[in-house]
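Trainee: The structure under discussion is supplied below as structure tokens; questions concerning it will follow.
The values are calculated or read from the model by the stated rules, or taken from the named source; none is laboratory data. Please read these numbers as outputs of a predicted model, since none were measured by experiment. A quick note on method: Cβ atoms are made from the backbone with ideal geometry, for glycine too, and the neighbour counts reach across all protein chains shown. What goes into the accessible areas is simple: the full protein's heavy atoms, side chains included, and nothing from ligands, DNA or RNA. Shrake-Rupley method; radii C 1.70, N 1.55, O 1.52, S 1.80 Å.
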Amino acid sequence: MDKNHQSEAVQSEVVWHLLTVVGEDRPGIVAGVTASLYEGGCNLGETSMLRLGGLFTIMMMVSGAQSNEALEAVIQPAVKKFNLRVHVDKTEARLHDHKIPNVQITIYGADRAGIVAETVAALSDSGLDILDLNSDVAGSVEKPVYILMIDGDATQGLDHLKESLASLENKGIEISLTPLETMVG
Amino acid sequence: MAVLDILTYPDARLKQPSLPVDSFDKNLTNFIHDLEQTMDAGPGGVGIAAPQVNKFLRIIIVDVSPMANMAKTKKRRFKSSNHGRLILINPEITSASGAEVAREGCLSVPDYTANVERPGVITIRAKTVNQEIKNIECKGFEARAMLHEIDHLDGKLFLDRIISTRELFRRKVYN
């Protein structure tokens, strides 16, 4: 067995979970959650942690717990301290396999119903594989502005993507599409 | 001639500053041939610095022409100067202006790319293998490659300069 196969075999034996944690944003949540996991013998993989409105949201790949119930037990000290809601899914690791985006799309406009659904449907129909999407509501209470930023893989080429977005520009949405050339040195 | 092994992070040697070259001899030209071969063997690399192959001397190679050719094929504008293959010894940045954000990866940091802010226009003074002094103005992608490689000479990686997508977002929309 060569080195690569060995490490694949070792990786496949590790049980990974996707742990989702949500709670009111309070100082110390991240420290509390990660301390509970570390003290419970768990390790972290890739994670996303961010404040959405008044909530703090955490999604993390966790290894080291053998079952959903075991992981829920490990996280209990933080759950009690910060009054968190928890959801656990079993997952495959698939680490060390990042896709590199070749396009970045920024979309913004006055907030209204359907802005995300319409734009994402047009992008998806023209072959965009979304790798990372985040959006914000900016502006003021009276005049909210929706801002959407996407890193993706244009599987059918950029021209195709541009054409499909042209129809949206008449609807008061500003769209900029930037090809991403990744410099590897 | 040989393809050399590339050091990958967390190897601490990548954080070590490199020393100026003072002997322009046969050893230097032999090493530069190997460094070129190593860069050409790598997947999609447009630059390489000597410390990436465990040689702590101030030597870099940058060649963005493959990217320029690819842009031409795809009829896309290549936002960059293109001086072809540049083999630069003891390079110094003599001026830098503007700020651009773009994505970078590194042969020494596999499976990760991120946004990095760099000056958009720079001038570099460096020696060639024949000890001639060159002053070169680079823009865009080529300037980025040059700065990324010079960073290696100072023990810096693009990981030291990452900016978050959300930060980029604010600059794009509000500036």
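Trainee: In the set B:K55, B:K74, which member is within 17 Å of A:G185 (Cβ to Cβ) and out of contact with any His (no Cβ under 9 Å at 6 or more places or on another chain)?
Mentor: The match here is B:K55.
Trainee: Filter region A:107-126 down to residues that are under 20 Å from A:L180 (Cβ atoms) and either surrounded by fewer than 16 Cβ atoms within 10 Å (Cβ to Cβ) or of a type in the set (V, I, T) (or both) and give me whichever is nearest to the chain's Cα centre (by Cα).
Mentor: Filtering region A:107-126 for residues that are under 20 Å from A:L180 (Cβ atoms) and either surrounded by fewer than 16 Cβ atoms within 10 Å (Cβ to Cβ) or of a type in the set (V, I, T) (or both), the one nearest to the chain's Cα centre (by Cα) comes out as A:V120.
Trainee: Of all residues in region A:154-179, how many are open to solvent by 90 Å² or more (accessible area, probe 1.4 Å) and either within 25 Å of A:R112 (Cα to Cα) or of a type in the set (F, W, Y) (or both)?
Mentor: 6
Trainee: Which fully enclosed strands (runs of 3 or more DSSP E) of region B:83-149 have 3 or more residues being open to solvent by less than 40 Å² (accessible area, probe 1.4 Å), basic (K, R) and in contact (Cβ under 8 Å) with a residue 24 or more places away in the chain?
Mentor: Filter on region B:83-149 gives an empty set.
Trainee: Name the residues in region B:31-40 that are more than 13 Å from chain A (Cβ to nearest Cβ) and of a type in the set (A, V, I, L, M), would you?
Mentor: The one that is more than 13 Å from chain A (Cβ to nearest Cβ) and of a type in the set (A, V, I, L, M): B:I32.
Trainee: Residues of region B:64-82 being within 9 Å of another protein chain (Cβ to nearest Cβ) and either modelled with pLDDT of 95 or more or in a strand (DSSP E or B) (or both), which ones?
Mentor: B:V64, B:S80 - these are the residues of region B:64-82 that are within 9 Å of another protein chain (Cβ to nearest Cβ) and either modelled with pLDDT of 95 or more or in a strand (DSSP E or B) (or both).
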